[in-house]
Amino acid sequence: MEWTPFAQVAGVLAVAAVVAAVGLKLRQPLIISFLLAGILVGPSAMGLVGDVHQIELLASIGISLLLFVVGLRLDVGMIRTVGPVALATGLGQVLFTSAVGLAIALAFGMRLTTAVYVAVALTFSSTIIIVKLLSDKKEIDSLHGRIAVGFLIVQDIVAILALIGLTAFGGGSEGQSVLAASLWIFARGLLMLAAVAALTRWVLPAVLNYIAHSPELLVLAAITWAVVLASAAEALGFSKEVGAFLAGISLASTSQREAIGARLVVLRDFLLLFFFINLGAQLDLSALGAQAGKASVFSLFVLVGNPLIVLVIMGLMGYRKRTSFMSGLAVAQISEFSLILAALGLSLGHIDAAAMSLITLVGLVTIFASTYMILYSGPLYGWLSKVLSLFERATPYREMQSGGAPAPAGRDLIILMGLGNYGSAIAGRLKQHGWQLLAVDFDPQALHRGRQMGLPVLYGDIGDPEMLAQLPLDKARWVLCAVRDHDVNVALLALLKEAGFAGRVALAAGEPAHAEQYRQRGANLVLQPFSDAAEQAVEAVTGAVQSLGGLRDWPAALEEVALQPGSVFAGKTLRELDLRQEIGASVLAISRAGKVHFNPSPDFQMYPGDRIVLLCSRQQAAQAVEHLRQRELGGPQDQAEAFRADEIPVAASSDWAGRSLAELDVRNRYGVTVIGIRREGRPLTSPRASDAVHPRDSLIVVGSPEGVAAMKASQDNARREG
């Protein structure tokens with residue numbers, strides 16, 4: 001049967017979809033699936049694609065769009081946010097890997113040009129894959145995530161420079177010296193840059209603003225610009241990839257950048273499919289097998305050597321071993337840029353098909369293996385932690401800096417983990433109540449926000465066992481984690497238990513099932529922000545002010561105020577509140593738990609959570625709101641003095657033995673309530689007043705600190721006298 005071009009494309013897409021589905025199950029990036037699909041449909045397997053030229057056009061457009069999007073989203077500012085470490089690790093890893101890779105290639109007997117291509121191909125890591133994996137793990141904003149993205153951007157810039165250099169090296173005319181050819185390509189490059197700069201300054205912003213009202217036209221114009229500039233670069237003697245990258249750079253500063261990038265991602269990935277299939281279809285399975293030995297050596301070097309150089313550089317710069325290790329895993333593979341570079345070298349005649357097969361096989365192995373290394377970086381770090389201490393300074397000063405006020409010396413401390421929107425809101429209110437806080441986060445921007453709030457902050461990853469050693473757990477009454485990550489919270493509970501933390505633990509849960517699991521594992525308090533916010537939203541929607549509607553063209557206004565927890569008016573009646581006398585406002589309605597009470601009587605008693613609808617002048621509205629939001633804030637000392645729970649052993653010689661709880665009457669004698677009895681190791685909960693106390697029982701009591709202390713002292717005296 002002879003396949004038509006349309007049927008061939010349909011077959012290729014079907015095979016790619018099946019292989020990608022399997023890859024998804026194995027948690028592998030699409031690059032691996034597409035390359036394997038290309039090998040399957042190529043001449044060495046199914047033979048579905050006999051002539052690769054039929055899909056080369058789509059492959060070229062796909063590569064152009066990839067470079068266009070890279071240029072469009074090139075965030076050089078990211079490098080500045082993580083300081084010199086991005087440049088040091090990015091350039092240091094490129095130089096080290098190139099030098100060692102070149103030595104290995106020459107040791108295998110490769111000619112110099114081929115060895116250079118192989119060495120350079122080993123240096124680049126995939127920004128697309130790493131950003132996707134870090135985003136899935138919610139680590140893209142962590143310190144190691146930011147550092148990794150920073151030096152990957154440095155690598156992308158080096159890769160583009162390498163493409164330009166190879167174009168100059170391979171594009172000279174016959175009879176020209178290398179110097180003359182380089183000067184000529186340099187002059188043409190300046191001409192193209194000048195033209196693009198002029199268009200970017202005076203033409204492109206106006207054009208984009210004109211067509212921005214039509215998203216479809218905006219995307220079409222962006223694709224056209226990328227392909228046109230890629231063609232212009234090719235005509236001037238550069239590669240299409242350089243022109244497409246420059247097109248992306250020219251639009252990176254426009255306000256339409258995000259809209260264009262978001263809409264092009266799917267199209268880019270679809271067309272990249274044809275590049276990788278085109279590449280895989282050109283590979284011969286027998287050729288891949290012949291390169292297996294060399295590929296194993298190079299792959300081992302990339303998987304181990306590249307992270308090692310990052311560990312060394314970051315360790316010398318004062319970062320912790322965990323940050324260095326997590327960042328180093330980002331370079332444990334070669335990237336799509338490596339394959340593009342090799343494909344360019346093959347088209348220029350610099351390397352042969354065997355070298356192309358070698359680089360592709362190294363890509364398959366390293367991308368496959370490094371994906372699992374990043375996904376399971378936590379356990380991997382746990383196994384290697386002791387060995388990795390070699391790469392950490394005695395004082396990793398870059399991560400030991402904290403800001404804000406010093407942590408308190410007493411036990412009125414709350415260690416707050418996570419300074420996102422929810423955590424920051426909790427921190428602000430706890431600080432208002434007078435609690436001392438120590439905030440922990442792994443996002444540098446979140447830590448900066450904490451410093452601006454006046455909080456002492458500490459960089460730390462909640463999942464890092466060594467992080468707890470830096471925390472003053474012995475001074476903390478609470479450890480409160482505002483991160484709604486199930487795995488993180490479970491790990492934190494285990495680590496705190498292992499560390500012997502004697503305080504209380506509060507966790508934030510995103511799902512009811514997780515909340516119950518946290519309680520079973522020992523959490524003292526589970527916060528459910530989504531559930532609480534939903535309840536408040538329902539109260540607002542069903543409140544009285546929504547039932548009353550608005551007053552048009554009237555000088556008076558309806559104002560709704562909710563009584564906050566701790567309100568000084570909680571428990572008081574409307575007569576005691578007397579808003580008409582205080583402010584001149586009238587209470588029209590009060591809503592409570594979805595029920596609206598219109599025209600409440602003067603004896604209506606108010607409670608926290610009530611939503612009060614006032615009728616007042618617009619000038620009085622702000623005054624009324626301020627008046628009703630008065631609160632009595634209970635500080636940590638207030639909470640500490642209120643209650644105390646303890647277990648009091650009954651002395652064998654005590655006169656309590658044999659008497660009932662009613663006869664002991666500890667509530668009136670000590671101001672203490674017996675909530676349980678421990679008898680022979682077994683708990684007896686909710687004891688009755690008639691229950692008798694046995695010798696060597698332990699009474700579980702709750703009461704004022706003074707009452708509990710007096711009750712405990714009576715049994716201590718009984719033991720001494722007995």
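Bear in mind these aren't lab numbers, they're just calculated from the coordinates by the rules spelled out. It should be emphasised that the depicted structure is a prediction, and the values quoted were computed from it without experimental measurement. A quick note on method: Cβ atoms are made from the backbone with ideal geometry, for glycine too, and the neighbour counts reach across all protein chains shown.
The calculated Kirkwood hydrodynamic radius for the stretch 643-721 is 12.3 Å, given to one decimal from all distinct C-alpha pairs.
Magnitude of the charge dipole for the stretch 208-291, about its Cα centre and with charges confined to Cβ atoms of Lys, Arg (+1) and Asp, Glu (-1), is about 160 debye. This model, with +1 at the C-beta of Lys and Arg and -1 at the C-beta of Asp and Glu, gives the chain a dipole about its Cα centre of some 900 debye.
Within the same chain, aspartates and glutamates fewer than 8 places from LYS321 are excluded, and of the rest, those with a Cα less than 16 Å from its Cα are GLU392, GLU399, ASP461, ASP464, GLU466. Adding -39500 (n - 2.57) for every DSSP H run of four residues or longer, then dividing by how many residues the chain holds, sets the calculated 222 nm ellipticity at -18000 deg cm²/dmol. Just report the Cα centroid separation between the stretch 686-715 and the stretch 322-363, whole Å. What the calculation gives is 73 Å, centre to centre.
Peptides 348-361, 101-114, 496-509 ranked from most to least packed give 348-361, 496-509, 101-114, packing being the mean of other C-beta atoms within 10 angstrom over each peptide's residues. Near LEU272: Cβ cut-off under 15 Å, other residues only, Lys/Arg at +1 and Asp/Glu at -1. The net charge is -1. Counted by Cβ distance under 13 Å from LEU24, the other residues give a net charge of +2, where Lys and Arg count +1 and Asp and Glu count -1. Near LEU558, the amide H atoms lying under 5 Å from its own belong to LEU551; only residues 5 or more places off or on other chains count, and H is placed 1.01 Å from N.
The phi torsions of the stretch 447-453, fed into the Karplus equation with coefficients 6.51, -1.76 and 1.60 and a -60° offset, translate into couplings of 5, 5, 4, x, 4, 5, 7 Hz, rounded to whole numbers, with Gly and Pro shown as x.
What number, in percent, do you get for the relative contact order of the stretch 643-721 if the mean sequence gap of Cα pairs under 8 Å and at least 6 apart is divided by its residue count? About 46 percent, as a whole number. For GLN436, the amide hydrogen comes within under 5 Å of the amide hydrogens of ILE414, counting only partners 5 or more places away or on other chains and with H modelled in the peptide plane. With angles folded into 0 to 90 degrees, how steeply does helix 306-316 sit against the dominant principal axis of the chain? Use alpha carbons for both and round to 10. Once rounded, the angle reads 50 degrees.
With both labels modelled 7 Å from their Cα along Cα-to-Cβ, the LEU57 to LEU161 distance reads 3.7 nm. Straight-line reach from LYS572: which lysines fall under 29 Å, measuring Cα to Cα and dropping same-chain residues less than 8 apart? Cα-Cα hits under 29 Å: LYS431, LYS595. Compared with the dominant principal axis of the Cα atoms in the chain, helix 421-432 is inclined by about 40°. Seen against the Cα atoms of the chain and their longest principal axis, helix 705-721 is set at about 70 degrees.
Which of HIS448, LEU413, VAL505 sits farthest toward the positive end of the charge dipole of the stretch 401-533, with +1 on the Cβ of Lys and Arg and -1 on the Cβ of Asp and Glu? Checked the options; the winner is LEU413. Each peptide in 208-219, 21-32, 612-623, 306-317 was scored by the mean count of other Cβ atoms within 10 Å over its residues; highest first, the order is 306-317, 612-623, 21-32, 208-219. Database remark: amide H of ARG659 closer than 5 angstrom to the amide H of VAL693 (H placed geometrically; neighbours at sequence offset of 5 or more, or on other chains; Pro and chain starts carry no H).
Magnitude of the charge dipole for the stretch 401-533, about its Cα centre and with charges confined to Cβ atoms of Lys, Arg (+1) and Asp, Glu (-1), is about 540 debye. Each of PHE186, PHE96 has some number of other Cβ atoms within 10 Å of its Cβ, and from fewest to most they run PHE186, PHE96. What is the sum of charges around ALA427, taking Lys and Arg as +1, Asp and Glu as -1, for the other residues whose C-beta is under 12 Å from the C-beta of ALA427? Local net charge: +3.
With bins 5 Å wide beginning at 0, the percent of Cα pairs of the stretch 401-533 falling in each bin runs 2, 11, 23, 25, 22, 13, 4, 0.
Legend: ranking of residues ARG682, ARG398, ARG629, ARG611 from fewest to most surrounding C-beta atoms inside 10 Å; resulting order ARG682, ARG629, ARG398, ARG611. Using θ = phi - 60° in the Karplus curve 6.51 cos²θ - 1.76 cosθ + 1.60, the 3J(HN,Hα) couplings for the stretch 197-205 round to 4, 5, 5, 5, 6, 10, 10, 4, x Hz; x is entered for Gly and Pro.
Cβ crowding within 10 Å ranks SER389, SER335 as SER389, SER335, fewest other Cβ atoms first. Within the straight-line cut-off of under 20 Å between alpha carbons, the lysines reachable from LYS132 are LYS25, sequence neighbours fewer than 8 places apart in one chain being disregarded. For the chain, the calculated P(r) over all alpha carbon pairs, in 20 Å bins from 0 to the bin holding the longest distance, is 14, 34, 29, 17, 6, 0 percent. Since only HIS433, TYR117, ALA533 are under comparison, the one whose Cα sits farthest along the positive direction of the charge dipole of the chain, derived from C-beta charges on Lys, Arg, Asp and Glu, is HIS433. Selection among PRO687, ALA16, LEU664 by position relative to the dipole of the chain gives LEU664 as farthest towards the positive end (Cβ unit charges, Cα centre). So for the chain, averaging the separation of alpha carbon pairs under 8 Å that are six or more residues apart and normalising by length, what relative contact order in percent results? Reported relative contact order: 10 percent.
Each residue of the stretch 26-37 was assigned a 3J(HN,Hα) from its phi angle through the Karplus expression (A = 6.51, B = -1.76, C = 1.60, θ = phi - 60°), giving 8, 6, 9, x, 5, 4, 4, 4, 5, 5, 5, 5 Hz with x at Gly and Pro.
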